[in-house]
Amino acid sequence: MKKQGVLLINLGSPDSPSVPDVRKYLREFLMDPCVLDAPWPVRAFVVYGCILPFRPKQSAEAYHQIWTAEGSPLVVTSRNVQRELQRRLGEGFVVELAMRYQNPSIASAIAALHAQGITEVLVIPLFPHYAMSSFGTAVSRAQEIAAKAAPEMRLNIVKPYYSEPRYIQALAASATEFLKQEYDHLLFSFHGLPERHLRKADPTGSHCLMSGDCCERQSPAHQTCYRAQCFATVRAFAQEAGVPEGKFSVAFQSRLGRDPWLKPYADFEFKRLAENGVKKLLVICPAFVSDCLETLEEVAMRGRETFLEAGGEEFTLIPCMNEHPQWLCALEGMVRSDSGQ
């Protein structure tokens, strides 16, 4: 029986929270032109001259706070999802896991599929929304490696699924128990992007960030507009979960450098909401399907501290979907729909 391949791709993690491993990870991540989109000499100067001499120690301390006995939460969870999806799909499929940066690598995953004679592979980027620095670079790297190492292999790419019913239902199901609790406000915290990334991804060259309501006006640009897709997720989630208008808002986290990033900034919002009388805050991070440094340390630790210091009383992070059964059902559905089952 001919088997079909499935390749799950997440962002990645250092191999350990040690400074050398964190430096290695940051070097690969930040030297990607899809992440730091500057000419190579400028990128090298910024990364090697301004970031790597200082940032790895700080980041290593953050990773130490979230590291588990099994390893990186992102990698451990992703491997568990891989195994469970394999179990659900059965012998007709081979599920491999890869990280865009570090291990397990995309090259090793494609080699494993190629060694089993698999020529049809469904690639599922574990990023619901399109961004050149996540979805885009993961797909490009997989295509580049497959073209060289397994030219007969055909990669079928799952499109961004930011408003697909299976994803929205899984996201809402993972939050159900938290939404039943008493809370004042729900903040959707998405990973941020430099504003220039949106303009670069705009195929029209004249829509994204050109007006205050650009995300509400229909445009071909929305196919690759991270901001518009985030807002679409929020609308669909609020409707599915029954969150009333006026009880939720959106922010963007994890900015780096001095260039303008998508606003409002999450760390500013934690403070502002508390100062405006929000006592019980719920936070959900829909851009991440697995908990990682950005959710566990940046939001759950530093975000909580900011909120409480500004006068808030209860700060609750809704975990990512991680290994939630509904999320696994959604992934299984993507695979079976692609295979015509």
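Rule-based calculations on the coordinates, nothing more; no lab input. Everything numeric in this text was worked out from a predicted model, so none of it was measured. Virtual Cβ from ideal backbone geometry, glycine too; neighbours counted across all protein chains shown.
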Note to self: Give me the dipole magnitude in Debye, nearest 20, for the chain about the Cα centre, with unit charges on the beta carbon: positive for Lys and Arg, negative for Asp and Glu.
What the structure shows: 740
Note to self: If I take every Cα pair under 8 Å that is 6 or more residues apart in the chain, average their sequence separation and divide by the length, what percent do I get for the relative contact order?
What the structure shows: 20
Notebook entry, point to check: Highest GNM mean-square fluctuation, the chain, Cα pairs closer than 10 Å: which of Glu269, Glu313, Glu298?
Noted result: Glu313
Note to self: If I take every Cα pair under 8 Å that is 6 or more residues apart in region 39-178, average their sequence separation and divide by the length, what percent do I get for the relative contact order?
What the structure shows: 16
Check: Which length gain, in nm to one decimal place, applies between Met210 and Glu309 when the Cα-Cα distance is subtracted from 0.36 nm times their residue separation?
Finding: 32.0 nm
Next item on the list: Determine one quarter of the surface area of the Cα convex hull of the chain, which equals its mean projected area, and express it in nm² to one decimal.
Entry: 17.9
Next item on the list: For region 209-221, just list the computed ³J(HN,Hα) in residue order, Karplus coefficients 6.51, -1.76 and 1.60, θ = phi - 60°, integers in Hz, with x standing in for Gly and Pro.
Entry: 6, 8, 8, x, 10, 4, 6, 8, 8, 4, 7, x, 4
Note to self: Over region 165-317, what is the relative contact order in percent, taking alpha-carbon pairs closer than 8 angstrom and at least six residues apart?
What the structure shows: 31
Margin query: For the pairs Lys200/Lys247; Lys180/Lys247; Lys180/Lys279; Lys57/Lys280, flag any whose C-alpha to C-alpha distance is greater than 22 Å.
Written below: Lys200/Lys247; Lys57/Lys280
Checklist line | Interatomic Cα distance distribution for region 1-111, bins of 5 angstrom, percent | finding: 2, 12, 18, 18, 17, 13, 9, 6, 4, 2, 0
Note to self: Taking the Cα centre as origin and putting +1 on Lys and Arg beta-carbons and -1 on Asp and Glu beta-carbons, what dipole magnitude results for region 213-284, to the nearest 20 debye?
What the structure shows: 200
Item checked: Segment Arg83-Ala147, extension gain: residue separation times 0.36 nm, minus the distance between their alpha carbons -> 20.4 nm
Notebook entry, point to check: What residues qualify as long-range amide H neighbours of Val123, i.e. H under 5 Å apart, gap of 5 or more or another chain, H built at 1.01 Å from N?
Noted result: Leu7, Asn156, Ile157, Val158
Note to self: Quick check on packing: order 150-162, 209-221, 228-240, 280-292 by the mean number of other C-beta atoms within 10 Å, highest mean leading.
What the structure shows: 280-292, 228-240, 150-162, 209-221
Note to self: Can you give me the distance in nm between label points at Lys263 and Glu177, each placed 7 Å from the Cα along the Cα-to-Cβ direction?
What the structure shows: 3.9
Margin query: Only Cα pairs within less than 10 Å get springs; with that Gaussian network setup on the chain, which residue of Tyr226, Tyr167, Tyr48 has the largest fluctuation?
Written below: Tyr48
Notebook entry, point to check: At Gln218 and Ser18, where each label point lies 7 Å from the Cα along Cα→Cβ, what is the point-to-point distance in nanometres?
Noted result: 5.6
Note to self: Which residue fluctuates most in the GNM of the chain (Cα springs below 10 Å): Pro128, Pro203, Pro14?
What the structure shows: Pro203
Next item on the list: Mind jotting down the distance between the C-alpha centroids of region 248-264 and region 1-19, whole Å?
Entry: 27
Notebook entry, point to check: Along the charge dipole of the chain, which of Ala44, Gly277, Ala330 sits closest to the positive end, that is, farthest toward it, with unit charges on the beta carbon of Lys, Arg, Asp and Glu (+1, +1, -1, -1)?
Noted result: Ala44
Next item on the list: Please list, or write none, the aspartates and glutamates whose alpha carbon is within less than 18 Å of the alpha carbon of Lys3, excluding same-chain residues fewer than 8 places away.
Entry: Glu84, Glu91, Glu96, Glu120, Glu152, Glu332, Asp338
